[in-house]
Amino acid sequence: MAIMRVSRSASVIALCAVAWLPACATTTAENEIRKLEARASYEAGVKSIAEGRISLGLASLRQAVEIEPSNPIYHNAVGAVLLNIGRVQDAEAEFQKAVDADPAGAAGYFYLGYTVYKIAEPKRPFHPEKRRAAELFAKAYDLDPGFRPVWAGRR
């Protein structure tokens with residue numbers, strides 16, 4: 001029977017790996033649970049808004065953002081509600097968070113561009129913010145030429 005000699009550093013590494021794996025699994029499980037909680041809050045928010053309970057829906061959507069701040073879908077949803085209730089500056093900030101969370105996503109750029117345009121709309125025809133809005137629309141198109149906003153197709 002061969003006896004295997006293991007160096008002290010290899011033993012320490014193996015021991016650390018064995019001790020670390022359960023923590024890694026727990027962290028992964030906890031992350032999945034948090035994602036499910038965020039998704040449940042998001043879905044509750046969407047349902048409440050569809051039922052006309054805007055305040056409750058917005059609170060649920062904000063909870064989803066709080067649980068999973070790196071999810072741009074949740075930021076875009078909060079921004080859309082804020083935009084619809086006339087809180088345009090707050091919507092702009094939320095759409096910017098969506099862009100920051102997903103710089104490769106067309107939706108955040110489109111909605112941010114739309115909001116920037118709505119803020120600049122009553123101002124003079126060649127206001128610099130209108131140029132910024134156009135740049136954001138162009139960025140959204142570059143990222144996804146087929147992107148359609150949630151209100152597309154509604155009449």
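The values are calculated or read from the model by the stated rules, or taken from the named source; none is laboratory data. Everything numeric here is computed off the predicted structure, so don't read it as measured data. Glycine also receives a Cβ, built like all others from the backbone with ideal geometry; neighbour counts cover every protein chain displayed.
Put simply, of Ala64, Ala106, Ala91, Ala77 the only residue that is in contact with a Lys or Arg (Cβ under 9 Å, 6 or more places away or on another chain) and more than 22 Å from Ala134 (Cβ to Cβ) is Ala64.
Can you find, within segment 131-155, the residue that is farthest from Leu83 (Cα to Cα) among those that are among the small types (Gly, Ala, Ser) and surrounded by 11 or more Cβ atoms within 10 Å (Cβ to Cβ)? First the steps, then the outcome.
Step one: of segment 131-155, the residues among the small types (Gly, Ala, Ser) are 133-134, 138, 140, 146, 152-153.
Next, only the ones that are surrounded by 11 or more Cβ atoms within 10 Å (Cβ to Cβ) stay: 133-134, 138, 140.
On the way: Ala133: 15, Ala134: 18, Ala138: 21, Ala140: 19 Å.
Here the residue is Ala138.
Scanning segment 128-135 finds no residues that are farther than 16 Å from Val46 by Cβ and in contact with a Lys or Arg (Cβ under 6 Å, 6 or more places away or on another chain).
Looking at Asp102, Asp90, can you tell me which residue is of a type in the set (D, E, K, R), at pLDDT 95 or above and surrounded by fewer than 18 Cβ atoms within 10 Å (Cβ to Cβ)? Of Asp102, Asp90, the one residue that is of a type in the set (D, E, K, R), at pLDDT 95 or above and surrounded by fewer than 18 Cβ atoms within 10 Å (Cβ to Cβ) is Asp90.
Looking only at residues in segment 93-132 that are of a type in the set (Val, Ile, Thr) and under 17 Å from Ala77 (Cα atoms), which one is farthest from the chain's Cα centre (by Cα)? It would help to see each step written out before you state the result.
Keep residues of segment 93-132 that are of a type in the set (Val, Ile, Thr), which gives 99, 115-116, 119.
Narrowing further to those that are under 17 Å from Ala77 (Cα atoms): 99, 115-116.
Values: Val99: 8, Thr115: 17, Val116: 19 Å.
Here the residue is Val116.
Matching residues to (1) acidic (Asp, Glu); (2) modelled with pLDDT of 95 or more; (3) surrounded by 13 or more Cβ atoms within 10 Å (Cβ to Cβ); (4) over 19 Å from the mean Cα position of the chain (by Cα):
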position: Met1; (1), (2), (3), (4): no, no, no, yes
position: Arg5; (1), (2), (3), (4): no, no, no, yes
position: Ala19; (1), (2), (3), (4): no, no, no, yes
position: Ala25; (1), (2), (3), (4): no, no, no, yes
position: Ser41; (1), (2), (3), (4): no, yes, yes, no
position: Ser48; (1), (2), (3), (4): no, yes, yes, yes
position: Gly52; (1), (2), (3), (4): no, yes, no, yes
position: Ala77; (1), (2), (3), (4): no, yes, yes, no
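Screening segment 36-155 for helices (runs of 4 or more DSSP H) wholly inside it with 1 or more residues that are in contact with a Pro (Cβ under 6 Å, 6 or more places away or on another chain) returns the ranges 88-101, 106-120. If you filter segment 119-130 down to residues that are touching a helix residue (DSSP H, G or I) at 6+ places or on another chain (Cβ under 6 Å) and modelled with pLDDT of 85 or more, you find that the one that is surrounded by the fewest Cβ atoms within 10 Å (Cβ to Cβ) is Glu129.
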